[in-house]
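**Student:** Here it is, the structure, as structure tokens.
The values are calculated or read from the model by the stated rules, or taken from the named source; none is laboratory data. Keep in mind that what you see is a predicted model, and the values were worked out from it rather than measured. We place every Cβ from the backbone using ideal geometry, glycine too, and count neighbours over all the protein chains shown.
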């Protein structure tokens, strides 16, 4: 048994799935399993609605610190925007000490004028309005103690792009999903917007900024593709017939599991920016699955989740694997008892009190590289991702309780009101947490009783 006072946090942290490739330092933007709360997510920057990509700023060095960044969001008419928008930012550069600067964030909502303190460095701002193309401004150098040039985020309708799809034999592909996100300097800004089908095999992307676009193509039976393209009005391309991967999911007793969901949390591919937030497939009645839309040369990492919330990780799924077997062990349960000031609990859906559970997961990719004693030697490349769940709290006679199924190996953080309770889990132990919202005192026990 251990008693501790959890760190008090100023905000309710439920980030969407934030994926970190540990060796590359890349950060992608988010997803929720089940009924996740919509939150503000920082995204590795990419593009917006101007006529050209921003110029690379001259080499500058910045003192540590912050400065007020000001600007306006303008409609095509030149008048100020009156809708609530979020402003995303990315800061890069070099510190005088020699270190590199990289930071992303978000503030708002804002309408017309805005101001926000942002750390020193070269700043790019962007915003996404549902009726206009993604719009950016910058980079503008932000020095502590100096007034920064005003940012102007000028909303436009952007441009349109027709995408025509055929297979490698020239046959039209009429059941594809086509989407695109803007790219600047090989990094993606904002979210993918889906195209509208306008002909048998022609898909129209609307409100696209005048920058490089990252096009994502997927269709049943074809390998998923992503490709960066530049200034086109009409783009015709081919998709390759997929090499399906097949497999089966079993429970801890060796029985096939129907209705199990395979979700990928990250993908290592040629773009190096991990993609995530996607349901890959659901197992059939006999526990089998077929994956016939995997991207060529991509490696998928994620979780398998049964209807009763048993979970396990999967590593390195790729095209053309046969008879993959995934076994789900019995997973642990986290129970909780909450007392004290219930007004501190976050609520959703008609004031239903909730706690948040974030799990940090680690995946490994088996790679081969050079070694001093041989031409090839295996190395493990680690990746990490986090998943977030919201769990209902039941309040009876002033005592709140919750139950969470689906723990996985790794570090777990339980957000109870303003308090954060950490657990280091092996994925199979049962835990019980008690917390007093008034005092912030918590008591964490492992295996308090057998299930």
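**Student:** Among the candidates 220, 209, which residue alone is outside the structural domain of residue 118 (by TED's automatic domain parsing), at pLDDT 90 or above and crowded, with 19+ Cβ neighbours inside 10 Å?
**Tutor:** Result: 209 is the single residue among 220, 209 that is outside the structural domain of residue 118 (by TED's automatic domain parsing), at pLDDT 90 or above and crowded, with 19+ Cβ neighbours inside 10 Å.
**Student:** While we're looking at this one, here's another question. Are any residues in region 164-183 surrounded by fewer than 21 Cβ atoms within 10 Å (Cβ to Cβ) and under 22 Å from residue 209 (Cβ atoms), and if so, which ones?
**Tutor:** 164, 177, 179
**Student:** Against the definition (modelled with pLDDT of 95 or more and within 23 Å of residue 431 (Cβ to Cβ)), how does residue 336 come out, yes or no?
**Tutor:** When the stated conditions are applied, residue 336 passes them.
**Student:** Okay, next question. Sort out which residues of region 236-258 are touching a strand residue (DSSP E or B) at 6+ places or on another chain (Cβ under 7 Å), in a loop (DSSP other than H, G, I, E, B) and within 13 Å of residue 285 (Cα to Cα), and write them in order of number.
**Tutor:** Result: 257, single match.
**Student:** Would you be able to say whether some residue in region 246-269 is farther than 26 Å from residue 409 by Cα and either free of Cβ contacts under 8 Å to residues at least 12 places away in the same chain or not assigned by TED's automatic domain parsing to the domain that holds residue 205 (or both)?
**Tutor:** No, that holds for no residue.
**Student:** Are there strands (runs of 3 or more DSSP E) fully within region 275-352 with at least 3 residues that are in contact (Cβ under 8 Å) with a residue 60 or more places away in the chain and in contact with a strand residue (DSSP E or B) (Cβ under 6 Å, 6 or more places away or on another chain)? List them.
**Tutor:** Passing ranges, in order: 299-305, 311-317, 324-327, 333-339.
**Student:** So which strands (runs of 3 or more DSSP E) stay within region 141-235 end to end and still have 1 or more residues that are in contact (Cβ under 8 Å) with a residue 60 or more places away in the chain?
**Tutor:** Ranges flagged: 151-154, 159-167, 177-184, 202-208, 212-219, 222-229.
**Student:** Would you point out which residue out of 401, 407, 439 is in the same structural domain as residue 339 (by TED's automatic domain parsing), at pLDDT 85 or above, over 28 Å from residue 265 (Cβ atoms) and not in a strand (DSSP E or B)?
**Tutor:** The conditions single out 439.
**Student:** Looking at region 104-116, which of its residues are within 25 Å of the chain's Cα centre (by Cα) and surrounded by fewer than 20 Cβ atoms within 10 Å (Cβ to Cβ)?
**Tutor:** Within region 104-116, 104, 105, 106, 107, 108, 109, 116 qualify.
**Student:** Quick one: in region 390-409, of everything that is under 24 Å from the mean Cα position of the chain (by Cα) and more than 13 Å from residue 334 (Cβ to Cβ), which residue is surrounded by the fewest Cβ atoms within 10 Å (Cβ to Cβ)?
**Tutor:** The residue in question is 392.
**Student:** Shifting gears a bit: Go through the residues of region 160-175 one by one and say whether even a single one is assigned by TED's automatic domain parsing to the domain that holds residue 232, at negative phi and at pLDDT below 85.
**Tutor:** Checked against the condition, which is being assigned by TED's automatic domain parsing to the domain that holds residue 232, at negative phi and at pLDDT below 85, region 160-175 yields no hits at all.
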